[in-house]
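The values are calculated or read from the model by the stated rules, or taken from the named source; none is laboratory data. As the structure is a computational prediction, the values presented were derived from the model and not from experiment. Here the Cβ positions follow ideal geometry from the backbone for every residue, glycine too, while neighbour counts run over all protein chains shown.
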Amino acid sequence: MTGSTVYRQKPAQVVRLGRADRSWYATWFWEIDRVLLLLVAMLIGAGLIAVAAASPSAAAKDHVPALHYFWRQLVWVGLGLPVMIGVSMLPQNVARRLSIGGAVCFTVLLMLVPLIGTEVNGAVRWLGVDPVRFQPSEFLKPFFVVAIAWMLSLRQQDKGLPMVPLTGALVALIAALLMKQPDFGQTVIFCAVWAALLVISGVQLRFLLMLGGAGVGLLALAFVFYQNGRDRVIEFLTGSGDTYHVDVGYATITNGGLVGLGPGGGIQKFRLPEAHNDYIFSVIGEEFGLISCLAIALIYLAIMVRVFLKLLDEDDHFIILASAGLAIQFGLQAVINMAVNVQLVPSKGMTLPFISYGGSSLLAVSMGFGLLLAFTKRNPFLRRSPYVVTWSGK
């Protein structure tokens, strides 16, 4: 039309994550292990459902609204996800430096726990007061793994470096601080991960046998001098004394049978002392069935298998040690929690990663998994395995 102005609408810009796209988010997308990312997303989703199911039980004891802990868990997930994604975006050398600095920082904070720590349920493991309170050992775990991996990897450059005794001294210091709280379960995780990293790093068999003997001796000493742990072991083995926690946990997880009683249908969960935390796996069994419990256990197993399969194609000794150590620490924590719930080991307060309710524990696990994603990512433009078939289509 004469004298008129024709305005053309610009087409909406579409974000395409093609292999030719070198933007920071596209680079991250192609480098990250998307299978691990999917598996952890499944755990987070299952955790939110589980906390929603367990929240009424814990809320009834604390006289708060029924879904109080579910809404709070949503907040923690909202904080934890950016932490995990942000850490996974770090270059591997930056992630290593962050972990070494974090290990030093949280070791110092762990030393402060006996001096200014807060007592909860008879144990002094926390720093700060509500609502700002955290457990230094939770954050130390992933940083400790990477720091130990870095120290042991230095042996590849110089066999004369005394990294094994140095890492042993560090583990002994941390174990002593943890037993002071006391926290036997976390002590076991730190020591077990260190031993696993020694095996992977190629320490001589003779030394490993000596270390195993020393470990047995230390367990015997702990049994003699750690009264709370000794009582729990005796009660577990003999079935006498106060076995309420493990008995109710086992009764709850088996109450739903294979398919469960349905969301909100659980009754035994109201007897659990920490339904939304330590015994959330039992709540899953009661309301969603043993099949759901098996599915969650398989997700943890799939994460472990995925990491170790990827390491078969890795030649950087530090990356191998750091990734394997983080996966072992993550999987061992899950195994201990599930074993307590099915009455295979004595009661131990330990969260189920990404499933249990918790603020500092969820943030710490998110940090650790972010490090795992950072150390297992690949650059598809610069490095490809000759044994992996890739699709080059658009």
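Within region 76-97, track down each residue that is surrounded by 13 or more Cβ atoms within 10 Å (Cβ to Cβ) and either without any contact (Cβ under 8 Å) to a residue 60 or more places away in the chain or in contact with a strand residue (DSSP E or B) (Cβ under 6 Å, 6 or more places away or on another chain) (or both). 97 - this is the single residue of region 76-97 that is surrounded by 13 or more Cβ atoms within 10 Å (Cβ to Cβ) and either without any contact (Cβ under 8 Å) to a residue 60 or more places away in the chain or in contact with a strand residue (DSSP E or B) (Cβ under 6 Å, 6 or more places away or on another chain) (or both). Looking across region 47-56, the residues that are crowded, with 19+ Cβ neighbours inside 10 Å and under 17 Å from residue 260 (Cα atoms) come down to 47, 50, 51, 52, 53, 54.
The single residue among 147, 192 that is more than 22 Å from residue 98 (Cβ to Cβ) and surrounded by 14 or more Cβ atoms within 10 Å (Cβ to Cβ) turns out to be 192.
If I filter region 310-328 for residues that are of a type in the set (Gly, Ala, Ser), within 20 Å of residue 144 (Cα to Cα), surrounded by 24 or more Cβ atoms within 10 Å (Cβ to Cβ) and in contact with a Ser or Thr (Cβ under 7 Å, 6 or more places away or on another chain), do I get at least one hit? Within region 310-328, one or more residues are of a type in the set (Gly, Ala, Ser), within 20 Å of residue 144 (Cα to Cα), surrounded by 24 or more Cβ atoms within 10 Å (Cβ to Cβ) and in contact with a Ser or Thr (Cβ under 7 Å, 6 or more places away or on another chain). Checking 344, 352 one by one, the residue that is in a loop (DSSP other than H, G, I, E, B) and at pLDDT 90 or above is 352 and no other.
Do the conditions hold for residue 125, that is, is it surrounded by 16 or more Cβ atoms within 10 Å (Cβ to Cβ), among the charged types (D, E, K, R) and not in a helix (DSSP H, G or I)? Judged against the criteria, residue 125 is a match. Filtering region 65-75 to residues that are in a helix (DSSP H, G or I) and either surrounded by 15 or more Cβ atoms within 10 Å (Cβ to Cβ) or of a type in the set (Val, Ile, Thr) (or both) leaves 68, 69, 70, 72, 73, 75. Residues of region 257-284 that are farther than 20 Å from residue 358 by Cα and under 24 Å from the mean Cα position of the chain (by Cα): none at all.
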